[in-house]
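Read-outs throughout are calculated quantities, based only on the coordinates presented, and are distinct from any laboratory measurement. What you see is a predicted model; the values in this text were computed from it and never measured. Cβ sites come from the backbone with ideal geometry, for glycine too, and all protein chains shown count toward neighbours.
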Amino acid sequence: MLKHSLFGFCLACILCLLTFDAGAQTGGVEILNLKADRLDKNIAVSAQIKFELPSAIENAMYKGVSLTFVSEVEITRERWYWIDKTVAKARRQIRVSFQALTRRWRVLPWSEGTGAAGLGVQLPQTYDTLAEALAQAQNIHNWRVAESADIGDADYWLVMRYRLDTSQLPQPLQIGLLGQGEWIINATMRQHIRLAEEKP
């Protein structure tokens, strides 16, 4: 009887932990309108990321803390005889920071990958408001993630992962964030796509 009670208690604890983790991974973040298209001999991905920035994070930004949002894309093709084949993979990050002297917001994009995806560091842009700066981090438009020649006319899976990279926060702040779920901005979306060949 005691063994059954102990087993039930442990099972309940594990289920609670799993439920907590599942909620923490999203943090109220949604990936909307995810799609991929052929564009100028490249594969371009677009999506909108929806989330509300907690007041604690906003206050930290006004005090000089920069946020780095990371987007990762992977395109795979299913193979019935073997594991799925990855045909494209790309990663980009956008750093948003407040410039106290000018009272403006600075957005610095940076990307890595193969072919068109490996654009490296791009020119920073500045905005008057935090909302304008965040819009650049939340809207992904025609992000070139691969060369069109690498992907044929077939069925693929498109996976996008989006997160706030807390590892790039100041070290003292990282230690203080342990257990604070409001700093978790994280979402993943997997979608079936078929890319038709470009017309000559």
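Using a 7 Å offset from the Cα along the Cα-to-Cβ direction at both Val65 and Asp155, what is the distance between the two label points in nm, to one decimal?
Distance between label points: 4.5 nm.
For each of Tyr162, Tyr127, count neighbouring Cβ atoms within 10 Å of the residue's Cβ, then give the residues from fewest to most. Kindly include the intermediate steps, with their values, before the conclusion.
Values: Tyr162 23, Tyr127 16.
Going from sparsest to densest Cβ surroundings: Tyr127, Tyr162.
Ranking Ile175, Ile151, Ile43, Ile57 by Cβ neighbours within 10 Å, fewest first, what do you get?
In increasing order of surrounding Cβ atoms, one gets Ile175, Ile57, Ile151, Ile43.
May I ask you to derive the FRET efficiency for Ala131 and Ile175 from their Cβ-Cβ distance with R0 = 45 Å, giving the value to the nearest 0.05? Each step should come with its number before you reach the end.
Values: r = 30 Å, r/R0 = 0.66.
It comes out at approximately 0.90.
Among Val73, Val87, Val96, which comes first, second and so on when ranked by fewest other beta-carbon atoms within 10 Å? Each step should come with its number before you reach the end.
Values: Val73 25, Val87 16, Val96 20.
Least to most surrounded, the residues fall as Val87, Val96, Val73.
Could you give the semi-axes, largest first, of the ellipsoid that matches segment 53-112, computed as the square roots of 5 times the alpha carbon gyration tensor eigenvalues and rounded to whole Å?
Its equivalent ellipsoid spans semi-axes of 38, 12, 6 Å.
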